[in-house]
Amino acid sequence: MKGFQHAIAAAFLLLLLTGCLPEQSVRVRPLPAPPAERPVANLPPQLHQRNWTGRLNQGSCVHASLVNHLRWLNEYELGERWRATYSDGEWDTRLRNRLDAADIDYSYTVKADPRFLDWANATRRGAILWWKPAHCCTFVGWVERNGQQYAAILDNNYPGRFELTPREQFVRLWAGYGGFALTVMEDPASSLPYRSYEILDGAY
């Protein structure tokens, strides 16, 4: 009899060690996903780069916009190196030459093509563009308000908030400011995490 009891105990111990005990039932309920982030390039306010005055006593809005863009694209160190290297006024051809020299891949338009911004929004990358007279800002995506679509802009002169302009008005004014926009071809930050399920009471 003792030998039988020892055999049972040994078998039970073997089951414990090999993980072969029956699994406990766990019941979970899926939770709905939250609404998509708007704007899609939702750079946290604490990372917003303010415009600065360069060595020639000029504003550095193009470079500040690019730093914001690079931070969103998980290229924070590159953005810091860019900020330490370049300042003052900039124009599109020289900016592209400097990006080429740094071996940074990018896509751009000089025709105020709204499809470019649609693509920048769909890929969650955003863009930098000419916006306002003699100024450059960061396009952080399209947002919907009361059935109307707006361009969301991070102006480096006013960090900490996004400015909204109705789409048609925005595209028209953007064309008047030169129609340039540029996106660096890196992966954007991941979407905000959220809890996708909950364990029901009494599931164990």
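Among 145-151, 84-90, sorting by the average number of other beta carbon atoms lying within 10 angstrom of each residue, highest first, gives 84-90, 145-151.
Label-to-label distance for Met185 and Asp88 is 3.1 nm, based on points extended 7 Å past Cα in the beta-carbon direction. A simple packing score, the average count of other Cβ atoms within 10 Å per residue, orders the peptides 120-133, 97-110 as 120-133, 97-110, with the highest score first. Database remark: amide H of Glu37 closer than 5 angstrom to no amide H (H placed geometrically; neighbours at sequence offset of 5 or more, or on other chains; Pro and chain starts carry no H). Using the 1.4 Å probe convention, the accessible area of region 107-204 works out to 52 Å² per residue with neighbouring protein chains retained. A Förster distance of 45 Å, applied to the separation of the beta-carbon atoms of Arg38 and Lys111, puts the FRET efficiency at 0.95. Estimated at 0.36 nm per residue, the fully extended path between Thr123 and Glu144 surpasses their Cα-Cα distance by 5.8 nm. Between Asp103 and Arg29, what is the FRET efficiency for a Förster distance of 41 Å, r being their Cβ-Cβ separation, to the nearest 0.05? The formula returns an efficiency of 0.25 here. Evaluated with a Cβ-only charge set (Lys, Arg +1; Asp, Glu -1), region 66-125 carries a dipole of roughly 140 debye about its Cα centre, given to the nearest 20. What you get for region 39-189, charging only the Cβ of Lys and Arg (+1) and of Asp and Glu (-1), is a dipole of about 360 debye around the Cα centre.
The values are calculated or read from the model by the stated rules, or taken from the named source; none is laboratory data. None of the values given here were measured: they were computed from a predicted structure. Cβ coordinates were reconstructed from backbone atoms using ideal geometry, including for glycine residues, and neighbour counts include every protein chain displayed. To get the accessible areas, we keep the full protein, side chains included, count just its heavy atoms, and leave off ligands, DNA and RNA. Shrake-Rupley method; radii C 1.70, N 1.55, O 1.52, S 1.80 Å.
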